[in-house]
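The values are calculated or read from the model by the stated rules, or taken from the named source; none is laboratory data. Small disclaimer: the values here were computed from a predicted structure and weren't measured. Note that each Cβ is placed from the backbone with ideal geometry, even for glycine, and that neighbours are counted across all protein chains shown.
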Amino acid sequence: MASLATKDPAGQETAQGPSPLETFTKYRTQLLAWKQGKLDSFSKNASLVEKHSNLQQYEQYLNSKITKKLKPCQTKIFPSEINSSKTDLGFVEPVEGGGDAAFLLETSHLNKNWSMWDGGFVGRKPCWLDPKRLPSAEVLKCKSCKTPMLFLLQIYAPLDAPEFENRGFHRTLYLFCCKNPKCLSGDKGGICALRCQLGKENDCYLSATDGMSEDEVVVMEEQGANDFSMFDSALQFPFFEIVTESELDCLQDSNEDIMKKFNEQVEKVTITADKIKGDEITGEDVKEVMSTLPKAVNDGVGKSMTFFHHRVSVAKDQCLRYSRWEDGEELWTSTENRPDVLRGVPLCPRCNSPRRFEFQVMPQLLFHLDGENSVGLSNDFDFGTIAVYTCTNSCTSNSATNYLEEYVWCQQMAAGKE
Ligand SMILES: [Zn+2]
Ligand SMILES: [Zn+2]
C-alpha cells in the first residue's frame, strides 16, 4: 500500500508526529528496561506498554482503536427501524416492447385472464375492473373547483384472506387528481381514490383461469363498456408501468452497496505489522484516519438526513409505498400539514369500519408527470405525499356504481422547504 502520508499543495510533506514504529520502539525499550530492573518506576500506562511487547500486539491494539471509532457510525448507517419494514415500494418504468396498448391488453383488466394482471400503471386512462358499474362523471370532478380530474394511477391489490373471497378476490384502487394545484392540499377534494372489488364468482371474469394458457390474452368482450370518453386525450398523464419490490430487498441491496464502500474504507486504514515495520504510516495518519473516517462513511448516507430522507435513501426513485393496513407506516415529508390527529381518519361512511393506511404516492412521481406528453401542468403543481386510507372491512355496495370513494390526505411540502 502506498504511504498514507499527506502532502501539502506545494508538494512538501506536512509535519508529522512520531511514526507508529517510533512509538512502538519507545514503549518496547521502556518495557525491556523495566523487565531488566533498569527502571524503578514504570510508566503510568504499564498495561498499555505491555501491549507493545511485539509488533503483532501493537498492530492489534491500533486496529482495535480504529474499530472502536467506527462502531458508532456503523450503527448509524443501518438504523433498525427499516429492518422490520413490511412495505412494498413501487417504481415507474416506461413500457418496453409492444408499447402501451399491448402492455394494457396483456397485464390490465382488458385481459380476461386475471392470472396475468400485474402491479398497475400511471397515466393515460383508467382500466375499469368492473366495466359494468362505472363511477359517475360527478364523482370524477374536483370537489373544490368542479373541473374533471385527471386519471393518475391504478394498482391491483387483491385480498387473499378467505373471508374476502366473496367480495375482494379482485380489488383495484384508482387515484384521480385535479390539475389545479390549489385544490390538492389536505382533504379539499382535489384528489379522489376509488376502490373497486369483485368476488371470485362474478359476471365479468371466470372464477378459474385453468382453461387459459399462461400467456394467453383474452380480450374482454365488454371492452366497449370500458368507457373512456370522460378522459379527454389532451388531459392525460404520460404512461408508465408500476413495478414493485419489497423495501427489505431494496434495503439489502442498498446495505450491500454501503457495506462495500464501508469495507473499502476500513481496508484502507487497517494497520498491519508490516506497514509499521516498513514505516509506511505515521502517528498522524492513524490520528487522521480516526478523525475523518466517521465523516467519510456518514457522508455516504448523508449525516443530516431527516427520517423521511433516510428512509427514502434506500431506494431514491420510489414513487409509491404500499403497506396495507399497517398503522403508522405513512412516511410524511414533514411534521406539518398532516391529517388532524384528534379528528383522525374518518370511518367508512358505508359500513362504519375504521379506515387504515394502504398506500402513498411519493413526490418522486412528479418528475415523471410532466414529461413529453405534457398535460400542461402549472409550475406550482406540487405535492409532498398523497396518502390513501381504505375501509378495513372492504365493504361493497349495491348501488349503481361499484367504485367506492376512500379517504385521501395530500400533504404539501412545508412552506419554504424542499
Ligand atoms: Zn380542482
Ligand atoms: Zn366500508
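Name the residue that is nearest to ligand 1 (Cβ to nearest atom), counting only residues in the range 337-366 that are touching a Cys at 6+ places or on another chain (Cβ under 6 Å) and of a type in the set (S, T, N, Q).
Gln364
I need the full set of residues from the range 96-138 which are surrounded by fewer than 16 Cβ atoms within 10 Å (Cβ to Cβ) and either among the hydrophobic types (A, V, I, L, M, F, W, C) or within 16 Å of ligand 1 (Cβ to nearest atom) (or both), in order please.
Once the filter is applied, which keeps residues that are surrounded by fewer than 16 Cβ atoms within 10 Å (Cβ to Cβ) and either among the hydrophobic types (A, V, I, L, M, F, W, C) or within 16 Å of ligand 1 (Cβ to nearest atom) (or both), the range 96-138 yields Ala101, Ala102, Ala137, Glu138.
Out of the residues in the range 145-160 meeting the condition of being within 31 Å of the chain's Cα centre (by Cα) and assigned to a loop (DSSP other than H, G, I, E, B), tell me which one is nearest to ligand 1 (Cβ to nearest atom).
Step by step, filter the range 145-160, then rank; the result is Met149.
Do you know which residues across the range 167-197 are within 15 Å of ligand 2 (Cβ to nearest atom) and over 26 Å from the mean Cα position of the chain (by Cα)?
As a first pass, look at the range 167-197 and keep what is within 15 Å of ligand 2 (Cβ to nearest atom): 167-168, 171, 173, 193-197.
Result: Arg167, Gly168, Cys196, Gln197.
Could you list, in sequence order, the residues of the range 105-122 that are under 30 Å from Glu326 (Cα atoms) and in contact with a strand residue (DSSP E or B) (Cβ under 9 Å, 6 or more places away or on another chain)?
Let us first name the residues in the range 105-122 that are under 30 Å from Glu326 (Cα atoms), namely 107-109, 114-122.
Matches in the range 105-122: Thr107, Ser108, His109, Trp114, Trp117, Asp118, Gly119, Gly120, Phe121, Val122.
Looking at Thr75 and the list (1) out of contact with any Gly (no Cβ under 9 Å at 6 or more places or on another chain); (2) part of a helix (DSSP H, G or I); (3) at pLDDT 70 or above, which single condition is not satisfied?
The number of the failed condition is (3).
With the requirement that a residue be at pLDDT 95 or above and either surrounded by fewer than 20 Cβ atoms within 10 Å (Cβ to Cβ) or within 16 Å of ligand 2 (Cβ to nearest atom) (or both), what does the range 147-157 give you?
Matches in the range 147-157: Ala157 only.
Is it the case that some residue within the range 179-198 is out of contact with any helix residue (DSSP H, G or I) (no Cβ under 7 Å at 6 or more places or on another chain), more than 16 Å from ligand 1 (Cβ to nearest atom) and either charged (D, E, K, R) or assigned to a loop (DSSP other than H, G, I, E, B) (or both)?
For the range 179-198, residues out of contact with any helix residue (DSSP H, G or I) (no Cβ under 7 Å at 6 or more places or on another chain), more than 16 Å from ligand 1 (Cβ to nearest atom) and either charged (D, E, K, R) or assigned to a loop (DSSP other than H, G, I, E, B) (or both): present.
Quick one: in the range 335-394, of everything that is modelled with pLDDT of 80 or more, β-branched (Val, Ile, Thr) and in a loop (DSSP other than H, G, I, E, B), which residue is farthest from ligand 2 (Cβ to nearest atom)?
Val345
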